[in-house]
1. Under a 1.4 Å probe, what is the accessible area of the chain per residue, stated in Å²?
2. Rounded to the nearest 0.05, what FRET efficiency do PHE168 and GLU81 have when you use their Cβ-Cβ distance and R0 = 30 Å?
3. How large is log10 of I(q)/I(0) for region 78-184 at q = 0.11 Å⁻¹ when the intensity is taken from the Debye formula with one equal scatterer per alpha-carbon?
4. Taking 8 Å as the Cα distance limit and 6 or more residues as the minimum spacing, I'd like the relative contact order of the chain as a percentage.
5. With the full set of protein chains in place, find how many percent of the accessible area of region 1-55 is carbon and sulfur; take the probe as 1.4 Å.
6. If R0 is 35 Å, what FRET efficiency do you get for THR27 and ARG117 from their C-beta distance, rounded to 0.05?
7. So how do PHE59, PHE204 rank on accessible area, 1.4 Å probe, biggest first, that is with the largest at the start?
8. For ALA3 and GLU146, what is the calculated FRET efficiency with R₀ set at 41 Å and r taken between the beta-carbons, to the nearest 0.05?
Amino acid sequence: MIAEAALNNAAWCEALCRAHGLPGVLTQRAWTNPRRTPPFYPDAVTLSPEATDADVLPFIDATPGASIKDSFAVLAPPGFELLFEATWLHRPSAAQAGPAGGWEVVRDERALRAWERAWAGERGLFPAALLADPSVRVLAGREGGETVRGCVLNETPGGRTVGISNLFGDDAWPGAVALAAALFPGRDLVGYETDPGPAVAHGFIPAGPLRVWLRG
């Protein structure tokens with residue numbers, strides 16, 4: 001399941017980078033991007049526990065600011081420092097979810113800008129082109145006409161799992177999981193969190209560790 005979650009995360013990184021006009025390269029061992037990726041997104045995601053520095057470093061801009069998502073927590077890339085550790089998560093499709101009251105899919109640029117302001121202020125990280133990607137759904141939870149919580153869903157190539165990321169807002173897990181189940185019935189959910197506790201409380205199972213390395 002770690003390999004599946006890592007592949008899903010690489011697909012999300014590729015979707016966001018592609019929306020910025022910065023497509024990456026996918027191999028069996030890693031997703032890499034030869035140009036610096038947008039803020040908060042890695043320049044590489046490993047896809048196999050057999051991946052080494054040689055599968056990553058020659059294929060990214062490894063100057064200061066570069067980051068590597070070490071999906072199996074096995075690397076120690078020279079010149080990089082550990083930025084954070086997190087836990088991969090998996091929610092089986094059979095797990096029940098409640099109603100998704102107040103949640104909807106973001107469908108236009110104006111709503112996307114409101115979503116991003118609620119997420120982290122005016123950053124311009126999420127281009128409108130992302131809304132045209134059939135593998136991505138941006139979800140917004142609204143109260144009184146305002147976006148107060150949200151997340152992003154993305155399909156893994158082949159349609160086996162759906163990733164949940166960029167979750168924000170108080171008590172966002174129940175609605176996000178419910179709408180994910182409605183939009184992608186029968187699909188398992190995957191993702192990662194530095195604090196897995198809230199996700200575990202809503203049906204997710206820890207699958208294993210990951211690390212993110214940063215070039216200082």
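The values are calculated or read from the model by the stated rules, or taken from the named source; none is laboratory data. In this text the structure is predicted, and so the values were computed from the model without any measurement. Note that we place each Cβ from the backbone using ideal geometry, even for glycine, and neighbour counts take in every protein chain shown. The area values use the complete protein model at the heavy-atom level, side chains included, leaving out ligands, DNA and RNA. Shrake-Rupley method; radii C 1.70, N 1.55, O 1.52, S 1.80 Å.
1. Numbers: 9660 Å² over 216 residues.
It amounts to 45 Å² per residue over the chain.
2. Working: r = 27 Å, r/R0 = 0.89.
Efficiency for this residue pair is about 0.65.
3. The calculated log intensity ratios at q = 0.11 Å⁻¹ are -0.38.
4. Working: 451 pairs, mean separation 63.0, N = 216.
Over the chain, the number comes to 29 percent.
5. Values: 1320 of 2260 Å².
The value for region 1-55 is 58 percent carbon and sulfur by accessible area.
6. On the way: r = 37 Å, r/R0 = 1.05.
After rounding, the FRET efficiency stands at 0.45.
7. Values: PHE59 105, PHE204 5 Å².
In descending accessible area the options line up as PHE59, PHE204.
8. Values: r = 39 Å, r/R0 = 0.95.
So, using R0 = 41 Å, E works out to roughly 0.60.
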